[in-house]
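The structure under discussion appears below in the form of structure tokens.
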Amino acid sequence: MDESYQDYINRVARLTLPSACSMQLQAIQKSPKFIDGKVTSFPGYSVITPPAEEDTNNKNFYNQVKTLQQQLSQQLEPGFFIPLPSDSFHLTIADLIWDDSYHQIVAANPNFDRELQQQILVSFQQYQESKSNNKLLSWQLWGVVTRPRAIMACLVPKDQESYESIIQLRRSVYQNAGLIALGIEQQYDLTAHFTLGYFNNVPPSLNRDRLCIVLSQINDHLVESELPEFTIYEAQLRKFENMIQYNREPDWATVKFGG
């Protein structure tokens with residue numbers, strides 16, 4: 001399902017254009033992941049990079065993303081945008097299951113958690129056996145875009161190899177017959193990003209033109225400067241209870257790059 005390297009670059013570049021921003025802002029709505037500005041239960045599993053609080057290798061990068069988030073928050077209407085704790089920033093490599101789907105599948109299969117953990121280990125082992133090199137993967141922060149319920153900072157790969165390695169890992173996950181049998185399927189193309197925050201109450205008086213200008217100015221500044229680089233050195237299976245808490249046990253599957 002995932003696209004080619006060049007198609008990915010072109011699509012993400014288009015997402016940051018003012019015309020795309022204007023269109024995206026017409027469909028924004030309140031996120032169900034927060035109630036009255038407070039995080040709510042939203043359990044599930046993903047394959048992600050270590051959260052920022054554990055990722056000392058990318059400390060400088062995360063500081064720049066945090067600054068970007070603060071600049072954005074200061075220019076938005078009070079109560080409209082819920083910024084995520086910067087310690088929880090991470091890159092999602094593969095969404096697996098979440099919320100109602102997770103509740104339903106666990107109710108039907110009490111062994112689901114353990115079986116999923118075992119199958120992700122199989123996927124990671126297959127990936128490591130098939131890859132031709134073990135280099136660190138380099139991605140760059142490209143721009144800020146809106147989604148129906150969130151604002152996120154998008155990334156593009158610094159080279160084709162960094163992109164293909166992630167796509168190969170995703171295929172190892174989504175084409176694993178054992179995971180498919182558990183009900184795991186690919187639902188989205190990859191759009192590498194860090195979620196900066198979610199929409200709370202969307203006021204009827206929201207000035208969408210002004211918000212688009214704010215986002216465009218941030219993107220223009222990024223393009224004119226040296227793009228911050230993010231190094232992917234590890235991918236892990238994580239279980240989340242909500243959108244700020246991502247946990248793992250020591251024996252859960254992990255893939256290391258560059259080592």
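FYI, it's all coordinate maths here, none of it is from the lab. The structure presented is a predicted model; accordingly, all values stated were derived computationally and were not measured. So basically every Cβ, Gly included, is an ideal-geometry build from the backbone, and we count neighbours across all protein chains shown.
Based solely on its DSSP helices, what 222 nm [θ] is calculated for the chain when runs of n ≥ 4 H residues each add -39,500 (n - 2.57) and the sum is averaged over all residues, nearest 500 deg cm²/dmol?
Calculated from helices alone, the mean residue ellipticity at 222 nm is -12000 deg cm²/dmol.
How far, in degrees from 0 to 90, does helix 112-130 lean away from the longest principal axis of the Cα atoms of the chain, to the nearest 10?
Between helix and principal axis, roughly 90 degrees.
Going by how many other beta carbons lie within 10 Å of each one, how would you line up Leu15, Leu76, fewest first?
Ranking Leu15, Leu76 by Cβ neighbours within 10 Å, fewest first, gives Leu76, Leu15.
For the cross-link pairs Lys131/Lys239; Lys33/Lys66; Lys135/Lys239; Lys59/Lys239; Lys30/Lys158; Lys30/Lys256, which exceed 32 Å when the distance is taken from alpha carbon to alpha carbon?
Numbers: Lys131/Lys239 26 Å; Lys33/Lys66 21 Å; Lys135/Lys239 26 Å; Lys59/Lys239 23 Å; Lys30/Lys158 34 Å; Lys30/Lys256 37 Å.
Among Lys131/Lys239; Lys33/Lys66; Lys135/Lys239; Lys59/Lys239; Lys30/Lys158; Lys30/Lys256, the Cα-Cα distance tops 32 Å for Lys30/Lys158; Lys30/Lys256.
Give, as ranges by residue number, the residues of segment 203-219 whose backbone N falls under 12 Å from the point 7 Å along Cα→Cβ of Lys30.
In segment 203-219, the label zone of Lys30 (backbone N under 12 Å from the point 7 Å along Cα→Cβ) covers 203-204.
Given a 10 angstrom Cα cut-off, can you work out which residue in Ile151, Ile180, Ile48 is the most mobile in a GNM of the chain?
Maximum among the listed residues: Ile180.
Name the residue, out of Leu116, Leu136, Leu206, whose mean-square fluctuation peaks in a Gaussian network model built on the chain with Cα pairs under 10 Å.
Among Leu116, Leu136, Leu206, the largest mean-square fluctuation in the Gaussian network model of the chain belongs to Leu206.
Points 7 angstrom from Cα along the Cβ direction at Thr67 and His221: gap in nanometres?
Here the modelled spin labels are 0.9 nm apart.
Under the rule of at least 5 residues apart or a separate chain, name every residue whose amide H is placed under 5 Å from the amide H of Met243.
When sequence neighbours closer than 5 places are left aside, the close amide H contacts are Thr40.
Rounded to the nearest 10 degrees, what's the angle between the helix 59-74 long axis and the longest principal axis of the chain, both from Cα atoms, 0 to 90?
That helix lies at roughly 40 degrees to the long axis.
GNM on the chain, C-alpha springs below 10 Å: top fluctuator among Pro85, Pro204, Pro32?
Pro204
Which whole-percent values make up P(r) of segment 1-56 when all C-alpha to C-alpha distances are grouped in 5 Å steps starting at zero?
4, 12, 10, 12, 19, 24, 16, 3, 0
Return the long-range amide H neighbours of Glu234 (sequence gap of 5 or more, or a different chain), with a cut-off of under 5 Å between placed amide H atoms.
Under 5 Å from the amide H of Glu234: Phe257.
What angle, in degrees between 0 and 90 and rounded to the nearest 10, separates the Cα long axis of helix 99-108 from the longest principal axis of the Cα atoms of the chain?
In the chain, helix 99-108 runs at an angle near 20 degrees to the longest axis.
Ranked by Cβ crowding within 10 angstrom, fewest neighbours first, how are Tyr102, Tyr188 ordered?
In order of increasing Cβ crowding within 10 Å: Tyr188, Tyr102.
Which percent, to the nearest 5, of DSSP beta bridges fully inside segment 5-248 are antiparallel?
100
For Cα pairs less than 8 Å apart in space and 6+ apart in sequence, what is the mean separation divided by the residue count of segment 5-248, i.e. the relative contact order in percent?
Over segment 5-248, the number comes to 37 percent.
Mind checking Rg over Rh on segment 1-100, alpha carbons, Kirkwood formula for Rh?
Answer for segment 1-100: 0.97.
Specify whether the C-alpha gyration tensor of segment 5-248 places it in the rounded, prolate or oblate class, a ≥ b ≥ c being the square roots of the eigenvalues: rounded for a/c under 1.5, otherwise prolate if a/b is larger than b/c and oblate if not.
oblate
What ranking of Ile93, Ile232, Ile105 emerges when the number of other C-beta atoms within 10 Å of each C-beta is taken as an exposure proxy, fewest first?
With the fewest neighbours first, Ile93, Ile232, Ile105 line up as Ile105, Ile93, Ile232.
Quick query: amide H of Lys158 versus all other amide H atoms, modeled in the peptide plane; which residues come in under 5 Å with a sequence gap of 5 or more or a different chain?
Those lying under 5 Å, H to H, from Lys158 are Ser138, Trp139, Gln140.
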